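> First, the structure itself, so that you have it in front of you.
The values are calculated or read from the model by the stated rules, or taken from the named source; none is laboratory data. Predicted model, so just to flag it, every value in this text is computed and none were measured. Glycine also receives a Cβ, built like all others from the backbone with ideal geometry; neighbour counts cover every protein chain displayed.
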Amino acid sequence: MEFLRAASVDEALAAARDGAAFVAGGTNLVPDVLFGRKKIARAVDISRLDELRFIEEADGKIRIGALASVTDLLESELIRTAASPLYESALEFAGPLVRNRASVAGNLMDASPAADLAPPLLVQDAVVELASAEGERALPLSEFFLDYRKTAVRPEELMKAIVIEPLGQEGRCAYYKLQLRRAMAIAVVGVAVVLRMKGSVCAEAAISLGAVAAVPYRAQAAEACLCGKEIGVAEIEAAAEAAEDSARPIDDVRASAAYRKKMCGVLVRRLLKKALGMPQPVAV
Amino acid sequence: MSTRVVGQPHPIIDAVEKVSGATIFINDLELPGALTGLALRSPHPHARILNLDTSAAERLAGVAVVLSKNNTPNAPFGINHKDEAAFCREKARYVGDEVAAVAAADEETAREALSLIRVDYEVLPTVADPFAAQEPNAPLVHDSVTGNIANEFHIKRGEIDEAFDAADAAFADEFHTHLAHQAYIEPTGCAAQWHPGGKISVWGCLQSVFLIRTFMLGPAMGMSPDDFRVTQTKPGGAFGGKLDVKAALMAAMLSRAAEKPVRFMMSLEEDLIAMRPRMPVHISLESAWKRDGTLAGKRVRIVAENGAYSSLSPAIMSSIALRTDNLYKTPAAEIQGKLVYTNIIPSGQMRGFGNVQATYAWESHLDNVADSLGLDPAELRLKNYTEKGDVSLHGWKIASCAVADATRYVVEEMDWKAKRARGGKGRGVGLASCIHVSGNKGFSVELGPDDTDPSSGVVRVDEEGKVEIWSGESDLGQGATSVMAYIASEVMGIPVERFRVPPTDTGYMPFGMGAFASRITLIGGNAVKLAAEDARRNLLDAAAEFMEIPADELEIVEGEVRAKALPERKMSVGEVVRRAGSVIEGNGKWLAGGDVLDKEKYGNPSTTYSFSTHGAEVEVDMETGVVTILGICCGHDPGRVINRLGAEGQVEGGAVQGMSFAMMEGLAPLEGHLRGKNFHDYLIATSMDAPPIEHDFFESMDPYGPYGAKGLAEVAINPITAAICNAIYHATGGARIRTLPVSPERVLEAIEEARK
């Protein structure tokens, strides 16, 4: 394997002209290579490109640099207040050592169906900024994941930032990761919801699910049950049912497909109620 | 008895060495010129080896030797059944089975050599299910073993049929446990050095340096056990898994063939797929009761999963079958066990030696019974516990017992009565108890020199007044060497800091059976105590001559020999040794009590028995099945605490390890392939998962124990699984976990079943 350390974004892009694996925290890539899951011809180390490590407000949006670490998310007041599902997912992300190294971009590029940061980024309409020697483009996260561990990012492209819509005053949200232990665990199901309320009417609804299909995704049928409506128990039930119907999980060592599917309904129902401050039969 | 050292909290004697990184573990051991040894393992659960061609690997530059069935004799070995060989002969029987091994100049060359070995397999149908394995037309794991039955037994004791006929009520349950690994942090490794003349030195983290020579190395290599000098390296974790360590055999065979030192270090994945994890069992229980909650009799049927090879599995099954009968006054019992070969990793011993599984099943069943009889589960237990002086149905003699005190403590500490009154709303409490041996005579016959389950110790005092203890009993991380140092320090009046207990070494140390069956504190501790008393006597005799004061008028205080009447007349211990002109030594040997069981498994297998009761409080999410353990509370009867810090470590470690087993662990075999073969998919509890743990000790002052002490290692883990499952049952209003581990999914299924 050829290993290059880039001193600038341009250098990284030039080195990747014919395709490369970019290495940031290495928390996915190193074990993948070590255990033979990935064969890499050229690795380009971008971990020292400090210009890609930031979390900022720009044009009314939140821009997260590709190299921002999961710990950076936790230490950001902006993320905590204006992207709280992302903040909560960062709390449940692996353990402190991994959080210190793992980058936000790396979690997305790994394209695991269970990528912890994907559901909360999806519900805040994330758009990723991609650059290559040929130029730059913006790609909505909802079009980013193509299939199991497959993204729309071209081999020569580098992710520079992720842009999300802040929650704002009208944003109501909730997040939950169902896992088999309290740290260093892959999600059995990950759910994030954001409801943008205009008075008592839901102007926009975003519901995303992780670990229940080949890719993390927005449950649009479930969202449609809520959009433009005053949300009551019937709407929530319909959304929960639609979310459950939308799931296409697999059986694996962590849980059965049937359980995961069922949990999509349970958790969407619960998180919608939680987001709206409605009473719950059982606390999350 | 008032004590100066015993019962106090001390750091483990090599704590500083360990935490400062100075300890030499096996992977740190450097042998000049050592080759790297690696094994080629079967990728198939069951396959006939049609052809095995190692010639290309042998020709590779840097390869010293390639071993396989082609160039090693067929020398089967095994503790109960001689069903295993160093390398697969006609068949590979599990994924991980050793097909060949290489020794090469470095790891890269060794890996390349493995890739050059050509094996033509005929893949055979996998025997994965222990029930299907018994069907008449099932494929056979070992062609000569019909029905795939490795062992079976059927025992009736007492008037069992009458007990059920006359009972006011009878209840039945079934439970299933899973394949879980010891999950020690240090991967297994061994090094070996062949010496001209034919002797071989072996190093490794081994629970019994003496016995591995007799049950594995000697027979498998056609050599005498005395041809091996086995030295323990400091333990990086074992929990039962480092008793039969095939890496020792691999290293020794490669070293002999190459006539060079060989280091054979396994990867974590190899450890997970090819060591000897905790045996999965399927337990059917029936029990008969009087209306007032008096146990009248029980029937137990066990199907135990042996895996591909037997090792200690027959003894583990026996332990599962009989042990819980001795915790309660059981008038009659009928016990049937079947041990079944499968094409899954051979199962084996892990902390509890089957008692974790047995206690989970029986203690879960007891709460079902209590519920059906309308009795409090704690009261039901207190009504039926065995007591000091009892001889159990199976012949166990209870020399000391404080299990009732432990239970009363848990009940009080957990605010049991108030919390039991509020079950069924997602929050609940449960408890469970256990009995465990302190040594087991059966092992002495199967593995040891004779039926005495012996241990010996040597205590040596040098000219600086420092003391070295030689014991044949291994420290596997449980703190055994510290226990020995504290016992000897107490006896000899010499401060603990002056003691050193080197790792076991068959080259110069006296014989010991090793670390298993919670035997070391009782048996090894008694041997060291006798040796320390002998050394003290010898010191005082020598000092008497130099000080011209009769020995019986002298005492040793703070490392000084003093005249009892005139404390200012004193000599340091080191000075006594200097004057004597040589090391002053003491020797001790202790033989365990109890009997070898008869053919019907009747008898008293251990000198004495330890007890514990664990309680758990849980919160259950009734919609997802997610369980949060809010707290654990445990009471233990270890006879007497020798080292309070060490004992607390055992208790807290046991509770967390047991909770981890109960809640999340599992190698998760699927058609013979393990799915939990790294610490990413094989989950063990993290510090985030560990709940607050309250505990206390109830010292029954055992008449046979050194200062009254018995074993603690295994009673610390056995009951927690059932305590958690009973708390879930209480919290959910009747969700009974019958299959482990307690995944959210299983809890949800159990909740739904309970609602029906």
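> Search the stretch A:248-261 for residues being assigned to a helix (DSSP H, G or I) and under 15 Å from A:GLY190 (Cβ atoms), and hand back the single one that is farthest from the other protein chains (Cβ to nearest Cβ). Spell out the reasoning first.
Going residue by residue through the stretch A:248-261, those that are assigned to a helix (DSSP H, G or I) are A:257-261.
Cutting the leftovers down to under 15 Å from A:GLY190 (Cβ atoms) gives us A:259-261.
Details: A:TYR259: 4, A:ARG260: 9, A:LYS261: 12 Å.
Checked the stretch A:248-261; the qualifying residue farthest from the other protein chains (Cβ to nearest Cβ) is A:LYS261.
> Taking the stretch A:57-83 on its own, how many of its residues are surrounded by fewer than 20 Cβ atoms within 10 Å (Cβ to Cβ) and under 21 Å from the mean Cα position of the chain (by Cα)?
12
> Using the structure shown, decide if B:VAL596 is over 30 Å from B:ALA727 (Cβ atoms) and more than 14 Å from every other protein chain (Cβ to nearest Cβ).
On the way: over 30 Å from B:ALA727 (Cβ atoms): yes; more than 14 Å from every other protein chain (Cβ to nearest Cβ): yes.
Yes; evaluated as a whole, the condition is true for this residue.
Residues are listed down the side, and each one gets a yes or a no for (1) modelled with pLDDT under 95; (2) within 14 Å of chain B (Cβ to nearest Cβ); (3) surrounded by 24 or more Cβ atoms within 10 Å (Cβ to Cβ); (4) farther than 20 Å from A:ILE62 by Cβ:
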site: A:ILE164; (1), (2), (3), (4): no, no, no, no
site: A:ARG181; (1), (2), (3), (4): no, yes, no, yes
site: A:VAL188; (1), (2), (3), (4): no, yes, yes, yes
site: A:ARG196; (1), (2), (3), (4): no, no, no, no
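> So for the stretch B:604-612 (the condition being within 11 Å of chain A (Cβ to nearest Cβ), assigned to a loop (DSSP other than H, G, I, E, B) and modelled with pLDDT of 95 or more), does at least one residue qualify?
no
> Follow-up question, since we're still on this one. Which of the helices (runs of 4 or more DSSP H) contained wholly in the stretch A:1-91 include at least 1 residues that are away from chain B (no Cβ under 14 Å), out of contact with any Ser or Thr (no Cβ under 6 Å at 6 or more places or on another chain) and charged (D, E, K, R)?
A:9-15, A:70-74, A:77-82, A:84-91
> Given the conditions (1) away from chain B (no Cβ under 14 Å); (2) modelled with pLDDT of 95 or more; (3) under 29 Å from B:ARG427 (Cβ atoms); (4) more than 20 Å from the chain's Cα centre (by Cα), report the number of the one that A:ALA192 does not fulfil.
Just one mismatch for A:ALA192, condition (4).
> Applying the selection to the stretch B:161-172, what residues are closer than 12 Å to B:LEU295 by Cα and surrounded by 14 or more Cβ atoms within 10 Å (Cβ to Cβ)?
B:ALA163, B:PHE164, B:ALA167, B:ALA169, B:ALA170, B:PHE171
> Which is in contact with a helix residue (DSSP H, G or I) (Cβ under 7 Å, 6 or more places away or on another chain) and either surrounded by fewer than 24 Cβ atoms within 10 Å (Cβ to Cβ) or under 30 Å from B:ALA85 (Cα atoms) (or both), of B:LEU366, B:LEU375, B:LEU382?
After ruling out the rest, the residue left standing is B:LEU382.
> State yes or no: is B:GLY631 in contact with a strand residue (DSSP E or B) (Cβ under 6 Å, 6 or more places away or on another chain), touching a residue at least 12 places away in the same chain (Cβ under 8 Å) and within 30 Å of B:LEU327 (Cα to Cα)?
yes
> Same structure, new question: Limited to the stretch B:676-694, what total is found for residues that are at pLDDT 95 or above and either farther than 19 Å from B:ILE632 by Cα or surrounded by 22 or more Cβ atoms within 10 Å (Cβ to Cβ) (or both)?
Adding up the residues that qualify gives 3.
> Output the residue which, of all residues in the stretch B:129-186 that are aromatic (Phe, Trp, Tyr) and not in a helix (DSSP H, G or I), is nearest to the chain's Cα centre (by Cα). Can you show your working first?
From the stretch B:129-186, those aromatic (Phe, Trp, Tyr) are B:131, B:153, B:164, B:171, B:175, B:184; that's our starting set.
Those left that are additionally not in a helix (DSSP H, G or I): B:131, B:153, B:171, B:175, B:184.
Numbers: B:PHE131: 27, B:PHE153: 23, B:PHE171: 32, B:PHE175: 22, B:TYR184: 12 Å.
Taking the candidates together, the pick is B:TYR184.
> Do you know which residues across the stretch B:86-125 are among the β-branched types (Val, Ile, Thr) and assigned to a strand (DSSP E or B)?
Those that are among the β-branched types (Val, Ile, Thr) and assigned to a strand (DSSP E or B): B:VAL99, B:VAL102, B:VAL119, B:VAL123.
> Also, quick follow-up: Here are the criteria: (1) in contact (Cβ under 8 Å) with a residue 60 or more places away in the chain; (2) closer than 14 Å to A:PRO155 by Cβ; (3) not polar (S, T, N, Q). Tell me which single one A:ALA41 does not satisfy.
Only one criterion in (1) in contact (Cβ under 8 Å) with a residue 60 or more places away in the chain; (2) closer than 14 Å to A:PRO155 by Cβ; (3) not polar (S, T, N, Q) is unmet by A:ALA41, namely (1).
> Would you tally the residues in the stretch B:716-756 being assigned to a helix (DSSP H, G or I) and either farther than 30 Å from B:GLU648 by Cα or within 14 Å of chain A (Cβ to nearest Cβ) (or both)? It would help to see each step written out before you state the result.
Looking only at the stretch B:716-756, we keep the residues that are assigned to a helix (DSSP H, G or I), and these are B:720-732, B:744-755.
Next cut, either farther than 30 Å from B:GLU648 by Cα or within 14 Å of chain A (Cβ to nearest Cβ) (or both) only: B:731-732, B:744-755.
Final tally of qualifying residues: 14.
> Here's a check for you: in the stretch A:92-126, which residue that is of a type in the set (A, V, I, L, M, F, W, C) and out of contact with any Phe, Trp or Tyr (no Cβ under 9 Å at 6 or more places or on another chain) is farthest from A:CYS264 (Cα to Cα)? Please lay out each step first, then the result.
Residues of the stretch A:92-126 of a type in the set (A, V, I, L, M, F, W, C): A:93-94, A:97-98, A:102, A:104-105, A:108-109, A:111, A:114-115, A:117-118, A:121-123, A:126.
After this cut, where a residue has to be out of contact with any Phe, Trp or Tyr (no Cβ under 9 Å at 6 or more places or on another chain) as well, the list is A:93-94, A:97-98, A:104, A:114, A:121.
Details: A:PHE93: 20, A:ALA94: 22, A:LEU97: 30, A:VAL98: 27, A:VAL104: 25, A:ALA114: 14, A:LEU121: 18 Å.
Result: A:LEU97.
> Here is a follow-up. Restricting to the stretch B:1-30, and then to whatever is among the hydrophobic types (A, V, I, L, M, F, W, C) and touching a strand residue (DSSP E or B) at 6+ places or on another chain (Cβ under 6 Å), can you tell me which residue is surrounded by the fewest Cβ atoms within 10 Å (Cβ to Cβ)?
B:LEU29
> Shifting gears a bit: B:GLY240 - would you say it is out of contact with any Ser or Thr (no Cβ under 9 Å at 6 or more places or on another chain) and either of a type in the set (A, V, I, L, M) or surrounded by fewer than 18 Cβ atoms within 10 Å (Cβ to Cβ) (or both)?
no
> Considering every residue within the stretch A:38-56, establish whether at least one is under 27 Å from A:ALA257 (Cβ atoms) and surrounded by fewer than 17 Cβ atoms within 10 Å (Cβ to Cβ).
Yes, the conditions are met somewhere in the stretch A:38-56.
> So which of A:LEU73, A:LEU91, A:LEU86 is out of contact with any Gly (no Cβ under 9 Å at 6 or more places or on another chain), closer than 15 Å to A:GLY168 by Cα and not polar (S, T, N, Q)?
A:LEU86
So that you can scan it fast, the table gives a plain yes or no per residue for (1) touching a strand residue (DSSP E or B) at 6+ places or on another chain (Cβ under 9 Å); (2) in contact (Cβ under 8 Å) with a residue 40 or more places away in the chain; (3) crowded, with 23+ Cβ neighbours inside 10 Å:
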{"site": "B:SER55", "(1), (2), (3)": "yes, no, no"}
{"site": "B:GLY62", "(1), (2), (3)": "yes, yes, no"}
{"site": "B:VAL66", "(1), (2), (3)": "yes, yes, yes"}
{"site": "B:ASN70", "(1), (2), (3)": "yes, no, no"}
{"site": "B:PRO73", "(1), (2), (3)": "no, yes, no"}
{"site": "B:ASN80", "(1), (2), (3)": "yes, yes, no"}
{"site": "B:PHE87", "(1), (2), (3)": "yes, no, yes"}
{"site": "B:GLU90", "(1), (2), (3)": "yes, yes, no"}
{"site": "B:TYR94", "(1), (2), (3)": "yes, yes, yes"}
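> Right, next: Please specify each residue of the stretch A:236-273 satisfying the condition of being charged (D, E, K, R) and under 22 Å from B:LEU667 (Cα atoms).
A:ASP251, A:ASP252, A:ARG254, A:ARG260
> Please pick out the residue among B:HIS636, B:HIS673 that is within 14 Å of chain A (Cβ to nearest Cβ) and touching a residue at least 24 places away in the same chain (Cβ under 8 Å).
B:HIS673
> Quick check, is A:CYS202 within 12 Å of another protein chain (Cβ to nearest Cβ) and crowded, with 21+ Cβ neighbours inside 10 Å?
Criteria not met by A:CYS202.
> Scan the stretch B:609-628 residue by residue and report those that are more than 13 Å from B:PRO691 (Cα to Cα) and either of a type in the set (D, E, K, R) or out of contact with any strand residue (DSSP E or B) (no Cβ under 9 Å at 6 or more places or on another chain) (or both).
The answer is B:ASP621, B:MET622, B:GLU623, B:GLY625.
> Being within 14 Å of chain B (Cβ to nearest Cβ), of a type in the set (A, V, I, L, M, F, W, C), in contact with a strand residue (DSSP E or B) (Cβ under 7 Å, 6 or more places away or on another chain) and crowded, with 17+ Cβ neighbours inside 10 Å narrows it down to one of A:ALA118, A:ALA114, A:ALA126, so name that one.
Only one candidate passes the filter, namely A:ALA114.
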